[in-house]
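K.L.:
Please see the structure below; I have some questions.
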There are 4 protein chains.
Amino acid sequence: MKKRKVAILGATGLVGQRFIQLLENHPYFQISTLAASQNSAGKTYKEAVTWRLNTAMPDSISDMLIEECRPTFHCDYVFSALPSSVAGPIEDMFVNAGYTVFSNAACHRMDANVPLVVPEVNWQHLSLTRYQTTPGVIITNPNCSTVGLVMALKPVADLFGLEEVNVVTMQALSGAGYPGVSSLDIVDNVIPHINGEEQKLTSEPLKILGNYNEHEGAIDFAPFKVYAQCNRVPVVDGHLLSVSVKTKEKVSITALIDAINNFQPLKGFNLPSAPEKPLIYLPQSDAPQPRLHRNLGGGMTVSMGQLVQYSDRSLRFLALVHNTIRGAAGCAILNAEMYEAMNG
Amino acid sequence: MKKRKVAILGATGLVGQRFIQLLENHPYFQISTLAASQNSAGKTYKEAVTWRLNTAMPDSISDMLIEECRPTFHCDYVFSALPSSVAGPIEDMFVNAGYTVFSNAACHRMDANVPLVVPEVNWQHLSLTRYQTTPGVIITNPNCSTVGLVMALKPVADLFGLEEVNVVTMQALSGAGYPGVSSLDIVDNVIPHINGEEQKLTSEPLKILGNYNEHEGAIDFAPFKVYAQCNRVPVVDGHLLSVSVKTKEKVSITALIDAINNFQPLKGFNLPSAPEKPLIYLPQSDAPQPRLHRNLGGGMTVSMGQLVQYSDRSLRFLALVHNTIRGAAGCAILNAEMYEAMNG
Amino acid sequence: MKKRKVAILGATGLVGQRFIQLLENHPYFQISTLAASQNSAGKTYKEAVTWRLNTAMPDSISDMLIEECRPTFHCDYVFSALPSSVAGPIEDMFVNAGYTVFSNAACHRMDANVPLVVPEVNWQHLSLTRYQTTPGVIITNPNCSTVGLVMALKPVADLFGLEEVNVVTMQALSGAGYPGVSSLDIVDNVIPHINGEEQKLTSEPLKILGNYNEHEGAIDFAPFKVYAQCNRVPVVDGHLLSVSVKTKEKVSITALIDAINNFQPLKGFNLPSAPEKPLIYLPQSDAPQPRLHRNLGGGMTVSMGQLVQYSDRSLRFLALVHNTIRGAAGCAILNAEMYEAMNG
Amino acid sequence: MKKRKVAILGATGLVGQRFIQLLENHPYFQISTLAASQNSAGKTYKEAVTWRLNTAMPDSISDMLIEECRPTFHCDYVFSALPSSVAGPIEDMFVNAGYTVFSNAACHRMDANVPLVVPEVNWQHLSLTRYQTTPGVIITNPNCSTVGLVMALKPVADLFGLEEVNVVTMQALSGAGYPGVSSLDIVDNVIPHINGEEQKLTSEPLKILGNYNEHEGAIDFAPFKVYAQCNRVPVVDGHLLSVSVKTKEKVSITALIDAINNFQPLKGFNLPSAPEKPLIYLPQSDAPQPRLHRNLGGGMTVSMGQLVQYSDRSLRFLALVHNTIRGAAGCAILNAEMYEAMNG
């Protein structure tokens, strides 16, 4: 199979770097274009980037010239790693020019006919693109914390139904981009606030865990309630979520652990970025931990731990998601692979 | 006034060091005896201790000889900073020998006729000592996280009544003592578990916020429910609590902020360790923060922030407590000052 | 005595905040003006600043209006905490308008007739101002690392003479200002480079340890050689220096320790900001440590440790300096106190 | 080729874990025995270990039973990851029973007929085993910091000759084992001391960079001088060395950079653990950095940076070594591969 050509918008940022790292040696996709802001355009990638990953920059990338974010690329798919503050109009420009865009930015996530997808949770929502009337197509992935939350909630929802979710996050520094959080704000400290994050965590899950209404071309939002309080901690990568849930039905912890460990909704699709285990339940009393478990499944597995029944219809657990892999670039790539499997 | 002589059990540990720091220049109390384990007994304090505070060791202390923990001291009060694993029998020995013991250890906190006290919250419980039948007396202060939680909950309880409390903690390293947490477990990491902590956080508040039943010489436990999930974060001092509360009555955020800022239940007593403001509400969207706010009021003020109404009868807030000052040594000293004021 | 009115230029930065903290309750000086960039001018201090110190902002300061940095103030002394990138022309403007400026910025440090002073090391250089021909006067303090280095070198120079100095620094985050170093660059990391720092460390000590040539109104630079390699480490405050020295004369470690502990060159002057011990030798094998020792002497004492004789005429030691107190604001204030004592 | 069976002594420690990680899928070696202290013997590996690496424990290892460290194994090679405090007699027992031992412990490194080897620097020293008169054989690798130092010094020595080396280290936490350094000692701090480390750094390089005297069966130590000052910094893995060198001959920086980048002394041997580039010179002004560069070459490449000529015959540079891979387990495995190539 000839590889699909893909472009990356916002290629110099932290999420852009993850796209490059994850797409090196990808079996279906090949990076043909790197694009970024006007400051970077015209430079080689290695000149423009402050490379912050601990694997070497791929040789095939370092001398590529960075282009401006204009819809003049020869490519099959566009991955947008742009900051949400500028992503909206640029992504619109590409969609209006007929491109297929997979966006990590927040701008279009809640738009009525835009799928907001984590494939293992709601790949069926990808069909919503049929109702998009633009020349091109746009598909979004959620906020990095939301990805972890909805993946962990999916088996709970399936088994017991969701009534109310209360989540307290301990989020990694890479979630704020680079330079992002000042070191003086976080060494020997926790910052109990992340701008705009609580709003995303309380709204996005209702769409993702909603039902695709095929007849109306719409998502019927799930009716449960989410409360969120977000904290930044001195961790490089990996968002840790402390979640308590009130359910509709009676809780069974053993049934839930079974469901977590057998969670394989994409089994038949053979997608290259889909981890063998999208969820894993770690039985140790002090798991999951960001430094030890964020890279499980190549950063695509969400680790869960400490399932405790609080009452007949309530429980709590911890979930850990690698925020720039599963929570961003990796999720967008998996969306593209799934979209390809459905439409290719 | 002649100063009371006080002894410190467990004087070389982190909490013991805080006792020494806080009692330097205390107007009522003077350290007359330092006691520790057999390993340390017979050495000078400066030989035996690994001093971990960033103020210099008081000159008057450094050459004092450390004694064994036996009830042979000439002193008025005994402060116990012993680890809970060994405190029980030693404290019993002192109480049976007629000493008045203020203990930071967990062993006797939940005993029926032992006061478990944070003066601003339940100083009235100190009267429970009348029902102790031993030659001496024992008074305890709560677990470090519990201290922060009950102080923050007190005005909520008074205004709206408590139905259910859900707390997620982000706790400092000093809470585990020295050497305590391995650096390899916490750099670039969070440990989502603290041994025994959730159990203390879910039980102690019910006693502290209960009513002293004078006729029966007992505490009627408060009937609300606490759920807790505890995390260790890379912070030296200061436990941060993310708390959501279901109340009995309708919530008013402005009334609660007023109550917090006017919270001064010990006003008339003029206790030297009582801070001007036991509680303070910080209006910034990213407060309180451990490194910036843990030392307010000399480490005796609990900082609150981010009060948000979740529904008619629910709200959330953040609270920060300096775990080795207000949450341990400072609370025990304040208990002693209050006991002195009531009985002196 | 009526207090001198002082203005602070760059009052919202980290060093500006230290000036405010250190001048609260100062016996000679009273802050009458806060000045900062145009962005901040016209706002109250509390609106404009991101307060990063762990003591509360003084009440007397929080509502003061910030002024622009123009020479229209009614004050006796001007403290400049401006970043070196903008300080030069602004300081010139004040000096030309007749003000007496004490500057922490790098711009004028190496100017021929500008004193570069750490009072304990070279207060005699303050007389160099007699040769300044401007209406006002300017006096500078060195780079934060240099302050620690020259204080530690002073007794070595006096006893044995300096031939060659090789210093490797481990510097705190606050040295880079706020926001300064990105958290992603420093958590679980060391950055082995600080822009411009090595150049300052290799040149400034030669001026400071030089002789004031009274007849020519000039400083005869000291003839030794300094090599420096600078590193940023994940520490909030406190620069640690690992220093090896080749001396002119035979080394005696015991004589040097005596000289360090008896180093009191300002004894007769009774300056309020002068610490009782400008230098202290810590005998522990693992001292000095930034977190434990940076605040000794209120942050004005330089701690030394691990003196080891390498050969007949070489030795090594460690020195620790609180970079924003002794290494910046505190040194400038001490310069002003000394200048006052000489000219007041 | 049938794989060699290897045993690991001290399999549960941090270095033992690295042996297991690096030997998973090794083409020549297969782990047949895991041994540890009596506390662990009889347990399965997963029961006994506190696994601290961020890759999953190999399935083939987790249920292996841990044996005592007695010479009753059926294996070809023994890797010793024992702590130096207990390694000596145990290793002797194995050597006397005829085993071939590759030891990471300090006990036998300086013994006259024991090779102390980093293959790229002095593989020729392996021949020294001919002069061992025990039934078995022992080969050691240096201290983790020494490995980085001698690899970086090798091209300097070859080009210009060494007169004097002054090294200041900033060492990672994993170098102290687990639990090792207390978190309270290192968060917001540097510890300027590592027990015994300076002694190793000043003696081991003279043996490694010495000449193998084939006729006498001895190593003629190199005659230069090393001075060392060692610091612990809050970094998980990766020792950073700031090194200044006085040379015998005139320095040329460009010649040295060429030599570093072309350093491939093991080229013809095709050893599986030998990295393509044992040394790499990073031209960025702020390199090498522990978090970004410790994993280059799978943790087997030593990164160098910031070569600066100090004078005609002196220079300085920075070097970074992954302390538990290249500086410990990886070096021992490479020694075994080289020994196999010479004797297999």
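The values are calculated or read from the model by the stated rules, or taken from the named source; none is laboratory data. Since we're looking at a predicted model, the values are computed, not measured. Cβ coordinates were reconstructed from backbone atoms using ideal geometry, including for glycine residues, and neighbour counts include every protein chain displayed. Accessible surface is based on the protein model in full, side chains and every heavy atom, while ligands, DNA and RNA are left aside. Shrake-Rupley method; radii C 1.70, N 1.55, O 1.52, S 1.80 Å.
K.L.:
At B:Arg313, with labels set 7 Å past Cα in the Cβ direction, how many nm apart are the copies from this one, shortest first?
P.N.:
List, nearest first: 1.5, 8.6, 8.8 nm.
K.L.:
How much of D:Ser103 can a 1.4 Å solvent probe reach, expressed as accessible area in Å² and rounded to 10?
P.N.:
Its accessible surface works out to 0 Å², give or take rounding.
K.L.:
Let me ask another. Once all Cα-Cα distances of segment C:91-169 are split into 5 Å bins that start at 0, what whole-number percent is in each one?
P.N.:
Going from the shortest bin to the longest, the percentages are 3, 14, 23, 22, 16, 11, 6, 5, 1.
K.L.:
Moving to a separate point now. Just the number, please: buried accessible area between B and C, total of both chains, 1.4 angstrom probe, nearest 100 square angstrom.
P.N.:
What B and C bury together is about 1200 Å².
K.L.:
Shortest first and in nm to one decimal, what separations exist between A:Gly98 and its copies in the other chains, measuring from label points 7 Å along the Cα-to-beta-carbon line?
P.N.:
7.6, 7.8, 10.0
K.L.:
On to the next question. How much space per residue, in cubic angstrom, does the convex hull of the C-alpha atoms of segment B:222-323 take up?
P.N.:
128
K.L.:
A further question follows. In nanometres, what is the gap between the two model label sites at A:Ser127 and C:Lys250, each 7 Å from Cα along Cα-to-Cβ?
P.N.:
Placing both labels 7 Å beyond Cα along the Cβ direction yields 9.5 nm.
K.L.:
Next question, about the same structure. Could you order peptides D:53-65, C:153-165 by the average number of other Cβ atoms within 10 Å of their residues, highest first?
P.N.:
Top of the packing list down: C:153-165, D:53-65.
K.L.:
Let me ask you something else. Is segment B:5-129 rounded, prolate or oblate when judged by the Cα gyration tensor, a ≥ b ≥ c being the square roots of its eigenvalues, rounded requiring a/c under 1.5 and prolate requiring a/b larger than b/c?
P.N.:
Verdict is prolate for segment B:5-129.
K.L.:
Further, regarding this structure: Quick one: Debye curve from the C-alpha atoms of chain B, no solvent, what's log10 I(q)/I(0) at q = 0.06, 0.10, 0.12 Å⁻¹?
P.N.:
Values, matching the q order: -0.20, -0.56, -0.82.
K.L.:
Another one. Using the Cβ atoms and a cut-off under 12 Å, what net charge is assigned to the surroundings of D:Val101, where Lys and Arg are +1 and Asp and Glu are -1?
P.N.:
For residues surrounding D:Val101, the net value is -3.
K.L.:
Taking a label point 7 Å from Cα toward Cβ, how far is B:Gly161 from its twins in the other copies, in nm, shortest first?
P.N.:
So the distances to the same position in the other copies read 2.9, 8.8, 9.2 nm.
K.L.:
To continue, here is another question. Taking the DSSP beta bridges in chain C as the whole, what percent of them are antiparallel, to the nearest 5?
P.N.:
45
K.L.:
Considering only protein heavy atoms, with the full assembly of protein chains and a 1.4 angstrom probe, order A:Phe221, D:Phe29 by accessible area, largest first.
P.N.:
Listed by decreasing accessible area, they come as A:Phe221, D:Phe29.
K.L.:
Using the Karplus curve 6.51 cos²θ - 1.76 cosθ + 1.60 with θ = phi - 60°, work out ³J(HN,Hα) for each residue of segment C:171-180 in order, rounded to whole Hz, and write x for Gly and Pro.
P.N.:
Once θ is set to phi - 60°, the couplings for segment C:171-180 become 9, 7, 5, 5, x, 9, x, 10, x, x Hz.
K.L.:
Nearest 0.05, what FRET efficiency do B:Ile257 and A:Asn25 give at R0 = 41 Å with Cβ-Cβ as r?
P.N.:
E(calc), rounded to 0.05, equals 0.15.
K.L.:
Rounded to the nearest 500, what is the 222 nm mean residue ellipticity of the protein assembly as shown from helices alone, with -39500 (n - 2.57) per DSSP H run of 4+ residues and division by all residues?
P.N.:
Dividing the helical sum by the residues of the protein assembly as shown leaves -7500 deg cm²/dmol.
K.L.:
Long-range amide H contacts for B:His193: which residues qualify at under 5 Å (H placed 1.01 Å from N, peptide plane, sequence gap of 5 or more or a different chain)?
P.N.:
Answer set, sorted by chain and number: B:Arg232.
K.L.:
Here is a further query. Jot down the per residue volume, in cubic angstrom and as a whole number, of the convex hull over the alpha-carbon atoms of segment D:144-322.
P.N.:
With only Cα atoms used, segment D:144-322 gives 135 Å³ per residue.
K.L.:
Starting from the Cα of C:Lys207, draw a straight line to each of the lysines and keep only those under 29 Å, dropping any in the same chain fewer than 8 residues away.
P.N.:
Here the lysines satisfying the reach criterion relative to C:Lys207 are C:Lys154, C:Lys225, C:Lys246, C:Lys248, C:Lys250, C:Lys267, C:Lys277, D:Lys246.
K.L.:
Springs between alpha-carbon pairs under 10 angstrom, Gaussian network model over chain D: which of D:Pro265, D:Pro89, D:Pro142 fluctuates most?
P.N.:
So, out of D:Pro265, D:Pro89, D:Pro142, the one fluctuating most is D:Pro89.
K.L.:
Assuming R0 = 22 Å, can you tell me the calculated FRET efficiency for the pair A:Lys43 and C:Asn195, based on Cβ-Cβ distance, to the nearest 0.05?
P.N.:
After rounding to 0.05, the efficiency reads 0.55.
K.L.:
While we're here: Quick check of the Kirkwood formula: for the protein assembly as shown, what is the inverse mean of 1/r over all pairs of different Cα atoms, in Å?
P.N.:
Radius from the Kirkwood sum: 33.9 Å.
K.L.:
Moving on to the next point. Using unit Cβ charges (K, R positive; D, E negative) and no other charged atoms, how large, in debye to the nearest 20, is the dipole of segment D:65-223 about its Cα centre?
P.N.:
The calculated dipole for segment D:65-223 is roughly 200 debye.
K.L.:
On a full-extension model of 0.36 nm per residue, what is the gain between D:Asn343 and D:Ala56, subtracting their alpha-carbon distance, rounded to one decimal in nm?
P.N.:
Full-extension gain reported as 99.9 nm.
K.L.:
For segment A:143-184, which residues drop by 30 square angstrom or more in accessible area between the chain on its own and all protein chains together (1.4 Å probe)?
P.N.:
In segment A:143-184, residues shielded by partner chains: A:Asn166, A:Val168, A:Met170, A:Leu173, A:Tyr178, A:Ser182, A:Ser183, A:Leu184.
K.L.:
Could I ask something else about it? Under unit Cβ charges (Lys, Arg +1; Asp, Glu -1), what dipole magnitude, rounded to 20 debye, does chain A have relative to its Cα centre?
P.N.:
280
K.L.:
Separate question: If you count, for each residue, the other Cβ atoms within 10 Å and average over each peptide, how do A:306-319, C:323-336 line up from highest to lowest?
P.N.:
Averaged packing, sorted descending, gives the order C:323-336, A:306-319.
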